[in-house]
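Notes follow the structure.
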Amino acid sequence: MNILLTGGAGYIATHTCLELLKAGHRAVIVDNYVNSQPEAVSRLEELAGQPVPHYVADVADREAMDRIFSENAFDAVIHFAGLKAVGESVHQPLRYYRNNLDTTLTLCETMQAHGVRRLVFSSSATVYGVPDEVPLREDMFCKGCTNPYGWTKYMIEKILGGVCDADPEWSVVLLRYFNPIGAHESGRIGEDPQGIPNNLMPFITQVAAGRLDHLSVFGNDYDTPDGTGVRDYIHVVDLARGHVAACDYAAGHAGCEIINLGTGVGYSVLDIVNAFERVNGVKIPYVIGPRRPGDVDACYADPAKARALLHWEAEKTLDDMCRDAWRWQSANPRGYRG
Ligand code: UD1
C-alpha cells in the first residue's frame, strides 16, 4: 500500500514509517514541523536506506492537501498530526480544538474528494477518562475526559464514527494508545519533547542525562501496590507494528473499529524508576511530590481485541523499553538538535 502519514516526522510516526517500509509498503510524510524536526526525517531515511517523500505543509491547508493527494495515489492514511501536550491544552483550549479538529476535518474532506477512504487514527487511552475498572476494554462507556487534549481525541473518534455511518465504503481504525515509551534500538530516532518533558520516561532520561536534577513522583497515596500511579507502558516499536497491522486490517474491512494498543500489564512509577536504574546502571534521584491534577490510580489495557482482529501483540519487555529509551537519550543529549 501507499500510505500517507500526517505528522509523519513525530515520535510514533517515524517509528511507524520504518515498520511500514520494512513490511514492503510505501510511505509519504506530511508535517509542518510545529513540534518535530526535519532531522527526524533524515534519520528515518538513513535507517530505511531509502528516501522517504515528505511535504512541509499544514494538514488544515486544503490547497496543500489537494496537491499532495493529486501527486500521489494513496491507498490509506495514518493520521498522527495533532497537538498533544495535556497541560498546554488546559491553558490553550481553543488552539487545541482548532488545530486538532480542523486538521482532521480537512484531511477527511480531502480524502473523500480523492476517493481515499481508509484511515487509521492516533487516539489515546485518555478518552476512557477516570475508569471505573481496569483493564480497559474498547466497549466501555467513556464518561468524559479531564482536559481539552483528551476531548479532541474523543471528538475526533465521534467524527470518524459518523463518517463511517454515513458512507459504508469508509474503513477507519481508531487506535487507543496507552503509554508509548522507548525508541528504535539503533538510538537514531526517539522522543524529542520541547522544553521540560511532561511524561514520565522523557523526564527520567533527562534526569539520567543530568539535564534535570531529580524526578518528582506525582503522589504515592494511590490505590496501587506501592502507592504510585500504574500505567500500561508499551515499546514504541511494538506500537508501530500495531499500525502496520491496523493498515492491513483496514484494507480488508469497512466501518469503524476501536482498538486498544497496550500490553495489558501495568507498572508503577517506582517500577519504572527501579527497572531503568537496574538495566542502565544509572541513578535516578527522586522526591515524592503531590498528585498531578487529572491523574488516575491505574490505567491499563485489555489487549484481547487487538490480538483477535489485528493478530498483533506487544513483544518487547520493560527492560527493552528502559534500555532503548536511554540509548536514544544518551546518544542524543539534546534530541535532534545534537
Ligand atoms: C499522559 C496524558 C494522556 C496522554 C499521554 C501521552 C495526563 C493526565 N494524561 O498520560 O492524556 O495521552 O500522557 O503520552 O496527563 N509521573 C510522575 N512524574 C513525572 C511525570 C509523570 O510521577 O514527572 C507519573 C504520573 O503521575 C503517572 C505516570 O507517571 O502516574 C505516567 O505519566 P505520563 O507519562 O505523564 O502519562 P499519563 O499521565 O498516563
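The values are calculated or read from the model by the stated rules, or taken from the named source; none is laboratory data. Note that this is a predicted model, so its numbers are computed, not measured. FYI the Cβ positions are ideal-geometry reconstructions off the backbone, even for glycines, and counts take in every protein chain you see. Quick note on the areas: whole protein, heavy atoms, side chains included, nothing else; ligands and nucleic acids left out. Shrake-Rupley method; radii C 1.70, N 1.55, O 1.52, S 1.80 Å.
Residues that are within 16 Å of the ligand (Cβ to nearest atom), without any contact (Cβ under 8 Å) to a residue 24 or more places away in the chain and open to solvent by less than 70 Å² (accessible area, probe 1.4 Å) within the stretch 113-143 comprise 129, 142, listed in sequence order. Can you say whether residue 113 is under 28 Å from residue 323 (Cα atoms) and hydrophobic (A, V, I, L, M, F, W, C), as far as the supplied structure shows? No, not satisfied. For the stretch 230-265, enumerate the residues that are surrounded by fewer than 24 Cβ atoms within 10 Å (Cβ to Cβ) and over 17 Å from the mean Cα position of the chain (by Cα). Across the stretch 230-265, the qualifying residues are 230, 248, 249, 251, 252, 253, 254, 255, 256, 257, 265. Of the residues in the stretch 55-84, how many are in a strand (DSSP E or B) and surrounded by fewer than 17 Cβ atoms within 10 Å (Cβ to Cβ)? Total satisfying the criteria: 1.
Scoring residue 146 on the criteria (1) part of a helix (DSSP H, G or I); (2) surrounded by fewer than 19 Cβ atoms within 10 Å (Cβ to Cβ); (3) hydroxyl-bearing (Ser, Thr, Tyr) leaves a single failure, condition (1).
Among the residues of the stretch 296-338, those that are under 22 Å from residue 194 (Cα atoms) and not in a helix (DSSP H, G or I) comprise 332, 333, 334, 338.
Restricted to the stretch 198-219, and to residues there that are in a loop (DSSP other than H, G, I, E, B), near the ligand (Cβ under 8 Å from one of its atoms) and open to solvent by 10 Å² or more (accessible area, probe 1.4 Å), the residue that is modelled with the lowest pLDDT is 198.
Picking from 234, 272, 259, which residue would you name as being away from the ligand (no atom under 11 Å from the Cβ), within 29 Å of residue 80 (Cα to Cα), touching a Leu at 6+ places or on another chain (Cβ under 9 Å) and not small (Gly, Ala, Ser)? After applying the criteria, what remains is 259.
Checking 165, 192 one by one, the residue that is of a type in the set (Asp, Glu) and in a helix (DSSP H, G or I) is 165 and no other.
Would you confirm, using the coordinates I've provided, whether residue 245 is closer than 26 Å to residue 315 by Cβ, of a type in the set (Gly, Ala, Ser) and more than 10 Å from the ligand (Cβ to nearest atom)?
Considered against the rule, which asks whether it is closer than 26 Å to residue 315 by Cβ, of a type in the set (Gly, Ala, Ser) and more than 10 Å from the ligand (Cβ to nearest atom), residue 245 comes out as yes.
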